[in-house]
1. Once you order the gyration tensor axes a ≥ b ≥ c over the Cα atoms, which shape class does the range B:10-89 get: rounded for a/c under 1.5, otherwise prolate or oblate by comparing a/b with b/c?
2. Determine the distance separating the Cα centre of the range A:163-242 from the Cα centre of the range B:70-85; give it in Å without decimals.
3. Quote the accessible area belonging to A:Arg5 in square angstrom, nearest 10, computed with a 1.4 Å probe and with ligands, DNA and RNA left uncounted.
4. Which residues does a label at B:Leu205 reach in the range B:215-249, if reach means a backbone N under 20 Å from a point 7 Å past the Cα toward the Cβ?
5. Looking at the square roots a ≥ b ≥ c of the eigenvalues of the Cα gyration tensor of the range A:117-170, which shape do they give, rounded for a/c under 1.5, prolate if a/b is larger than b/c, or oblate?
6. Take the Cα gyration tensor of the range B:140-236, multiply each eigenvalue by 5, square-root it, and list the three semi-axes largest first, rounded to whole angstrom.
7. Once ligands and nucleic acids are excluded and a 1.4 Å probe is used, how much of A:His116 is accessible, expressed in Å² to the nearest 10?
8. Report the label-to-label distance for B:Trp47 and A:Arg8 in nanometres (one decimal), using points 7 Å from each Cα along the Cα→Cβ vector.
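The values are calculated or read from the model by the stated rules, or taken from the named source; none is laboratory data. Here the structure is a predicted model, which means the values were calculated and not measured. Cβ placement follows ideal geometry from the backbone for every residue including glycine, while neighbour counts extend to all protein chains displayed. What goes into the accessible areas is simple: the full protein's heavy atoms, side chains included, and nothing from ligands, DNA or RNA. Shrake-Rupley method; radii C 1.70, N 1.55, O 1.52, S 1.80 Å.
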Amino acid sequence: MSGLRVRRIGPLASIQDQGRAGQLQQGVSRGGAADFLALAEGAALLRQDASLAALELAGIGGLFEATGPVRIALTGAPMQTSLDGAALAWNASHQLQAGQRLEIGAPKKGLYGYLHLGGGIASEMLLGARAIHLMSGLGKAVAVGDLLPCGVDRGREVGLGLQAEDRFQGGVLRIVASFQSELFANDVRARFGATAFKRGSRANRRGVEMVSDGAGFTAAGQLKFLSEIIVPGDVQMTGDGKPFVLLREAQTTGGYPRIGTVLPCDLAKVAQAQSGTDLRFCWVSLEEGLAAQAKHDKQVKALPASCRPLLRDPAMMQDLLSHQLISGAVSADANPFDSTDNHSTDTNSGDIT
Amino acid sequence: MGQGAMDFPVIRSAGLDGMLVTFSEALTEPSNRGALAFCDAVKASGWPGVQETSTSLASVYIRFDAETLCHGALKDRLWTLLDQRDWTQAVLPPGRRFWQVPTVYGTDLAPQLGEAAAAAGLSEAEAIESLGSARVRVLTIGFAPGQPYLGPLGAEWNLPRQTELTPRVPTGALVLAISQFVLFATSAPTGWRHVGQTGFQGFQLGSQDPIALRVGDEMVFTPVSKSEYQRACAKDPHFGGASRAEIPA
């Protein structure tokens, strides 16, 4: 079986897919990749299904050796990468031959980079998914000597690239009110939306600490609530009122109150923020949140069509030119995600009442 | 609540694509029963767009595809279903099981029995008598795969969580706080007090039924000596000698 043999790897690299939706009643949290968009990008570049598993590299790269011909794609936090010493493009798909060595360095920005294989990584299914969830006892981190086996690869195309949305440098997180928001006084919620945060030092795949100057954000009766369902994106206040944005690998229930829920489409921005990165929250109405998420989902669906050959192949130029003519103002180099004006920070924070 | 007392049940949104129906802000036996019965009723309704339902202690969570089913329409359907009956008077769902689990209380295996008993105003012997005879129900499964919250225990056991976390309790640990047990399905840190130890593994990856318990199951943690416990674990490494029987509907 073709695949990649791991020759060097960081301590927290793990196989991830879209996780285990639908098992909350058994206490199984969704989990899956810290950056779902990166999974969709990798799938688009390899012309395959976004449900396939990839290797998630957490802040540290690795060295891999192909055991046979393997197609790969590289997405997420951009990392310096070379194949037998020659630089490889990020956000792109490539062909590896048996014995070739792929070296991936530390991220230039962001945290989580993804190495996708043609056919996906055919590791063992655990409760219906391949996503590793260490705290739940589902699988192990990837280690030196492991083989990442390819699934059946029906594709052949390589040498595609795409312009990735930059979610690696913090920014604004859109947040909707949720079932415990009203436990927090109006002025506490307004102050939360007006506060400049930095990503704190405590962060992992389950949740990310947000730090700020000034008072914490506490609810009345903070320590007395019944444990209640957690949904990914919930912003939970610890005992001293310090916010943690909970990610998809968070436990399924929790007792500390949650002030609101960050939109699913903004979660990659939380996960990918390096320590010290500037972040802030912007309250949006449910309607605005749904519209923003729908727009994001549409962009994800359009990813396969936005992949372009990496090399300027004259045979393709005609095609590119005609695209430009048809789409008018859009240049071939434009980032299709640059027009995300929903990230503006002037949304009325009075929405929360 | 900030805005004064709420009328229950209450329906609130949970994130962008979820709805939460809550029967009480405190854990009571009827509110948990209501949540279980209402969750089954939502499932049985088969509404298009509903992607997942689950219960927590006194609530039902519904995740849905907001493009197929809009928030307002789901809320209307939920209210119509809620109004059909008093869900807190519902009978418990069928297919439940009764588990009896050999349990060592106290000793070096469960070192916080003494402090929990003292906090409840009981001697250790009284505490073992009380906890060891309590027939508790799986109120919800959460936090980690297959990990049950069990109760309710008597009011004397309404002890707060610890201020400091215990760095690690082993799988099978029976811990207690706020009139509930949690039976640890993995080894993890906890803010609850470790009063008993069992050989029960609620989550066994790779077995045919990796998650042993179901919401609504009932359990008794029968006191045994340390040597009896060790014998039971040697004979039955998965469930530590627990017995299981169907509860007639």
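1. It comes out prolate by the Cα gyration axes.
2. What the calculation gives is 30 Å, centre to centre.
3. 80 Å²
4. B:237-239
5. Details: a/c = 2.15, a/b = 1.25, b/c = 1.72.
Taking the square roots of the gyration eigenvalues as a ≥ b ≥ c, the range A:117-170 is oblate.
6. The three semi-axes for the range B:140-236 are 21, 16, 14 Å.
7. Estimated to the nearest 10 Å², A:His116 gives 10 Å².
8. With each label point 7 Å from Cα toward Cβ, the separation is 5.5 nm.
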